[in-house]
Amino acid sequence: VLIVVIAVVVGLVLRNNTQQLKGTFIDRCKKFNVSDCQKVWDAFEQAYVGRDPCEVPMEAYDPFIAAAPFEPACNRMMFWSKTKDVVHEFTAKSDCFVTLEDTVLGAVADGLTWCGKKGSSETFTTDCPGWVDCVNNPVRSFWKRVSAAFADAACGNVTAMLNGSITTPFSSQSIFGSIELKRFNSTRMESLNVVMVTQKNPVANCTNASLKMLKAELDNGIQYYCKEVSEAQLKECSNNPQITCGACW
Ligand code: N1C
């Protein structure tokens with residue numbers, strides 16, 4: 001028994017970064033009933049392994065997009081900017097809305113950090129470039145590429161949650177502003193419904209100047225709406241799934 005225990009402990013210690021990240025990735029992938037998660041992992045890994053971690057463009061993830069099965073959920077797609085926690089607290093409790101992280105495309109990597117190194121076949125999870133250290137880092141390029149795929153699929157009435165507690169709820173430099181909004185297409189989409197999430201003393205509402213830029217960037221033919229919803233109201237809705245889907249705002 002002791003020998004087995006020692007062997008297991010040594011095995012765990014030797015388990016390297018590649019295997020840890022891969023384990024998490026594959027476990028999450030399997031929750032989506034994907035038939036070949038190894039294939040999805042291989043496509044993901046080839047984007048950055050053996051490369052300089054500042055030289056991974058978003059196109060490097062094209063094979064990953066091709067390998068990961070993804071079906072759009074018309075009228076239920078939820079985009080967001082600077083509201084990650086609020087959005088997920090809200091969507092976790094019901095199946096009314098689907099964020100990118102609720103699909104296999106986003107779920108496999110949510111909250112993770114990874115990169116490769118020139119001349120190595122390993123995946124590293126520490127000492128990787130941060131979001132702003134260089135533009136073409138593996139994590140940032142990943143989110144750009146999967147966000148583009150998610151937005152390309154946007155159909156029907158689409159929702160976006162923005163943060164009414166900051167002075168500029170819409171930023172053209174965010175992934176929402178620079179990638180997703182630009183790919184919304186009026187042949188598939190009816191409307192964009194902005195939900196401005198406010199706290200007790202809102203800093204911004206639907207009349208905020210930054211929203212003019214959003215409207216200007218929106219494809220002609222897509223209806224634009226904006227509604228202010230308090231965080232308290234959102235909480236109430238998510239605790240009451242019947243009203244969450246249809247009549248929360
Ligand atoms: O730059 P943002 O917001 O506008 O990006 C949010 C936008 C959403 O609509 C998502 O579809 O882009 C997509 N997206 C994610 O799904 C996602 N999950 C985790 C973008 N970024 C995502 N992250 C991490 O959040 C990412 O690693 C980066 O650090 C933030 C970007 O969030 P933001 O600036 O609030």
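Look through region 54-66, keep the residues that are in contact with a helix residue (DSSP H, G or I) (Cβ under 8 Å, 6 or more places away or on another chain) and farther than 16 Å from residue 153 by Cβ, and return whichever of them is farthest from the ligand (Cβ to nearest atom). Out of the qualifying residues, it is 63. Scanning region 80-127 for residues that are touching a Cys at 6+ places or on another chain (Cβ under 7 Å) and near the ligand (Cβ under 10 Å from one of its atoms) gives a single hit, 113. Scanning region 197-216 for residues that are among the β-branched types (Val, Ile, Thr), surrounded by fewer than 16 Cβ atoms within 10 Å (Cβ to Cβ) and closer than 19 Å to residue 84 by Cβ yields a single hit, 203. For region 109-138, the set of residues classified as crowded, with 18+ Cβ neighbours inside 10 Å and under 19 Å from residue 79 (Cβ atoms) consists of 109 only. On the given criteria, is residue 130 within 12 Å of the ligand (Cβ to nearest atom), part of a loop (DSSP other than H, G, I, E, B) and on the phi > 0 side of the Ramachandran plot? It is false that residue 130 is within 12 Å of the ligand (Cβ to nearest atom), part of a loop (DSSP other than H, G, I, E, B) and on the phi > 0 side of the Ramachandran plot. Criterion applied to 82, 22, 30 was being over 30 Å from residue 120 (Cα atoms), at pLDDT 95 or above and surrounded by 11 or more Cβ atoms within 10 Å (Cβ to Cβ), and the one residue passing it is 82.
For region 145-172, filtered to residues that are near the ligand (Cβ under 8 Å from one of its atoms) and closer than 30 Å to residue 52 by Cα, the residue that is surrounded by the most Cβ atoms within 10 Å (Cβ to Cβ) is 146.
The values are calculated or read from the model by the stated rules, or taken from the named source; none is laboratory data. Just so it is clear, the structure is predicted and the values come from calculations on it, not from any experiment. Counting neighbours? That spans all protein chains shown, and the Cβs are built from the backbone with ideal geometry, glycine included.
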